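Okay, so here's the structure we're looking at.
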Amino acid sequence: QVQLVESGGGLVQAGGSLRLSCLTSGRIVGIYTMGWFRQAPGKEREFVVAITGNGGRTYYTDSVKGRFTISRDNAKNTVYLQMNSLKPEDTAVYYCAVAMTYFTTDQSMGVQEDYRYWGQGTQVTVSS
């Protein structure tokens with residue numbers, strides 16, 4: 001059973017930054033695709049960004065391009081999400097997930113149904 005633990009969430013003012021971490025239970029990072037999703041109160045969970053295992057190809061949703069950056073440390077089995085220039089609309093619970101399917105296109109990496117394992121999430125609150 002793959003286990004994921006997110007951390008790094010908190011309260012920050014608009015324009016500020018946070019870095020989220022996702023620690024995996026085994027050799028996952030660098031092998032499988034890792035994704036970040038978020039869910040705001042009263043809304044559906046949505047895709048944020050993902051990175052493939054071998055080549056490190058990334059795909060971002062339009063609303064976070066230029067502000068968020070995904071990275072990884074294979075030796076630590078950890079994936080990070082650096083979030084800069086945060087906006088109140090970024091407020092949500094952020095989830096880390098693992099997909100073990102092969103993605104033939106970048107956009108297909110955003111289909112959350114293809115992600116098998118999920119963490120419990122970490123709360124990010126951006127005040128205005």
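The values are calculated or read from the model by the stated rules, or taken from the named source; none is laboratory data. All figures in this text were calculated on a predicted structure; none of them were measured in a lab. Heads up, the Cβs are rebuilt from the backbone with ideal geometry, glycines too, and the neighbour counts pull from every protein chain shown. Protein only, heavy atoms only, side chains kept; ligands, DNA and RNA dropped before computing areas. Shrake-Rupley method; radii C 1.70, N 1.55, O 1.52, S 1.80 Å.
If you roll a 1.4 angstrom probe over the protein chains with everything in place, what fraction of the accessible area of the chain belongs to carbon and sulfur, to the nearest %? List each step's numbers first, then the result.
Values: 2940 of 6690 Å².
Here it works out to 44 percent.
Can you tell me the relative contact order of the chain? Whole percent, Cα pairs under 8 Å, sequence separation 6 or more. It would help to have the intermediate numbers written out before the result.
On the way: 311 pairs, mean separation 45.0, N = 128.
It comes to 35 percent, rounded to a whole number.
At what distance in nm do the modelled label points of Met100 and Thr69 sit from each other, each positioned 7 Å from its Cα along Cα→Cβ?
Calculated label separation equals 3.2 nm.
Take the chain, connect every pair of alpha-carbon atoms lying under 10 Å apart with a spring to form a Gaussian network, then pick out the residue of Lys87, Lys43, Lys65 with the largest mean-square fluctuation.
Lys43
Alpha carbon centre of region 104-119 versus region 44-60: separation in Å?
8
By how many nm would the segment from Ala14 to Gln1 grow when fully extended, if each residue of separation counts as 0.36 nm and the alpha-carbon distance is taken off?
Values: separation 13, 0.36 × 13 = 4.68 nm, distance 3.76 nm.
Here the answer is 0.9 nm.
Tell me which lysines have Cα within less than 28 Å of Lys87's Cα, excluding those fewer than 8 residues away on the same chain?
The reachable lysines, counting only those whose Cα sits under 28 Å from Lys87, are Lys43, Lys65.
Pick out, in residue order, every one of the GluC sites (Glu not before Pro) in region 15-105 that is DSSP loop and has at most 16 other C-beta atoms within 10 Å; say none if there are none.
Numbers: sites: Glu44, Glu46, Glu89; in loops: Glu44.
When the GluC sites (Glu not before Pro) of region 15-105 are filtered for loop state and at most 16 Cβ neighbours within 10 Å, Glu44 remain.
Residue farthest toward the positive end of the dipole of the chain, with Cβ of Lys/Arg at +1 and Asp/Glu at -1: which of Met100, Leu11, Asn77?
So the residue we want is Asn77.
For Lys76, list the aspartates and glutamates whose Cα falls under 17 Å from its own Cα; do not include residues on the same chain fewer than 8 positions away.
Result set, ordered by chain and number: Glu6.
Can you give me the solvent accessible area of Arg57 with a 1.4 Å probe, rounded to the nearest 10 Å²?
About 100 Å², ignoring ligands and nucleic acids.
Please calculate how many Å² of accessible area the chain carries per residue, with a 1.4 Å probe and no DNA, RNA or ligand atoms counted.
Numbers: 6690 Å² over 128 residues.
Here the residues of the chain average 52 Å² of exposed surface.
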